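A short worksheet on the structure shown next.
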Amino acid sequence: MRKLPLLMRYVMRWLVKVLAVAVGVVIVMELVETVLMMWGLRSGNSRVIRLVTWYHRHVTNPVMVRFFSGRSAHAALLHHVGRRSGKAYSTPLTAHRSEDTIIVPLPYGTEVDWLRNLQAAGQGVVELESRSFTFDELEVVPADRVMALLPPFVARLFRLHGTKQALRLHVAGPA
């Protein structure tokens, strides 16, 4: 078996170190974001909430849309149409399915654009668990009313984040 040239071994070691540092930076960023989000939501600090919202819109959401949303059990992708622009949007969300209901936590409250768009349209499509679902009814409910429909660890996350409201979507069928 032939050994790699010295330069190639050096480059490979360097690439491994760069990759390890990059992964470490991502992990630290996500930990800081999670702590800031929990603190901001629980304390109601509007500056922290704006910072976390900006981070989600410009960093987390593009990654989620591209790689994860709609493919896992809790990472959903919501397809909706802008109420004023008529433009099609895809928004990554956390969602949980129970029978013919999809539950979406509203940690930022009801004053978010994607929810206003849904309320104006009255319908939309959610990609969840590698399947697409259309929904024809949506209702903002107190989080306490949907806790029984959620797995225990998800209910704990609702309480940990201080989520007071949730969106209940009635699944009309597959998209």
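Computed over the stretch 126-172, the convex hull of the alpha-carbon atoms projects to a mean area of 3.6 nm². Helix 46-55 and the long axis of the chain differ in direction by around 60°, with both axes built from C-alpha atoms. Is the stretch 19-74 best put as rounded, prolate or oblate by its Cα gyration tensor, with a ≥ b ≥ c the root eigenvalues, rounded for a/c under 1.5, and otherwise prolate when a/b is larger than b/c, oblate when not? Note, shape of the stretch 19-74 comes out oblate. In loop segments of the stretch 89-175 as defined by DSSP, the GluC sites (Glu not before Pro) with at most 13 further C-beta atoms inside 10 Å of their C-beta are E99, E111. Applying a DSSP loop filter and a limit of 14 other Cβ atoms within 10 Å to the trypsin sites (Lys or Arg not before Pro) in the stretch 45-146 leaves R71, R83, R84, K87.
Quick one: in the stretch 1-106, what % of C-alpha pairs are over 17 Å apart? That fraction is 71 percent. Which shape class applies to the stretch 88-175: rounded if a/c is under 1.5, otherwise prolate when a/b exceeds b/c and oblate if not, where a ≥ b ≥ c are the square roots of the Cα gyration tensor eigenvalues? Oblate, because a/c is 1.5 or more while a/b does not exceed b/c. Every Cα-Cα pair in the stretch 70-133 was counted, and those over 16 Å apart are 43% of them. Reported value for the stretch 27-175: 113 Å³ per residue, from the convex hull of its C-alpha atoms.
Amide H contacts of G124 (H built 1.01 Å from N, in plane; Pro and chain starts excluded): F135 sit under 5 Å, all sequence-distant by 5 or more or on other chains. Taking H placed 1.01 Å from N in the peptide plane, check which residues at least 5 places from T101 or on another chain put their amide H under 5 Å from its amide H. Distant-sequence amide H within range of T101: V171. Counting only DSSP H runs of at least 4 residues, each contributing -39500 (n - 2.57), and dividing by the residue count of the chain, the helix-based mean residue ellipticity at 222 nm comes to -13000 deg cm²/dmol.
Here, each number is a calculation from the coordinates, and none is a lab measurement. Just so we're clear, the structure is a prediction, and the values are computed from it rather than from any experiment. Heads up, the Cβs are rebuilt from the backbone with ideal geometry, glycines too, and the neighbour counts pull from every protein chain shown.
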